[in-house]
Amino acid sequence: MKKYVLIFKTSIRTILDRSHLISKLYNVSKEVKFATIDLDDEDFILRIESTKRNEDFISRFLLLEGHKVVFLAAFEKDEYGRPLLQPAYY
């Protein structure tokens, strides 16, 4: 099974929004295995570990929830959970 790390810039700024969106994201996408939002970062970075490259779905989901989102990068992880050297940018 492939593993990916997806990185997004978001407009999510509160602990309540973060908790709500991450919980809802787990419910709507079985591929999402882990998600965090760094509220201390000026870009409010959303980092997702997923079994599928589903950045389009996640971007649409956040937009429908009323948040701005910009996809930044995707990394494939090896069998030990380490990012491979070549990031997959758009």
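The values are calculated or read from the model by the stated rules, or taken from the named source; none is laboratory data. Because the structure is predicted, anything quoted here is derived from the model rather than measured. Counting neighbours? That spans all protein chains shown, and the Cβs are built from the backbone with ideal geometry, glycine included.
Here are some notes:
Conditions (1) modelled with pLDDT of 95 or more; (2) closer than 19 Å to PHE75 by Cβ; (3) assigned to a loop (DSSP other than H, G, I, E, B), marked per residue:
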| position | (1), (2), (3) |
| --- | --- |
| TYR4 | no, yes, no |
| ILE7 | yes, yes, no |
| LEU16 | yes, no, no |
| TYR26 | yes, no, no |
| THR36 | yes, yes, no |
| ARG47 | yes, yes, no |
| ILE58 | yes, yes, no |
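- Residues satisfying the stated conditions in region 28-59, i.e. in contact with a Lys or Arg (Cβ under 8 Å, 6 or more places away or on another chain) and without any contact (Cβ under 8 Å) to a residue 12 or more places away in the chain: ASP38
- Region 1-28, residues that are among the polar types (S, T, N, Q) and over 14 Å from GLU42 (Cα atoms): SER19, SER23, ASN27
- If you go through region 19-76 and pick out every residue that is at positive phi, touching a strand residue (DSSP E or B) at 6+ places or on another chain (Cβ under 7 Å) and not hydrophobic (A, V, I, L, M, F, W, C), you end up with 0.
- Checked against (1) under 12 Å from SER11 (Cβ atoms); (2) in contact with a Ser or Thr (Cβ under 8 Å, 6 or more places away or on another chain), ILE58 passes all but condition (1).
- Unmet requirement for LEU25, which otherwise passes all of (1) of a type in the set (A, V, I, L, M, F, W, C); (2) surrounded by fewer than 15 Cβ atoms within 10 Å (Cβ to Cβ); (3) free of Cβ contacts under 8 Å to residues at least 40 places away in the same chain: (2)
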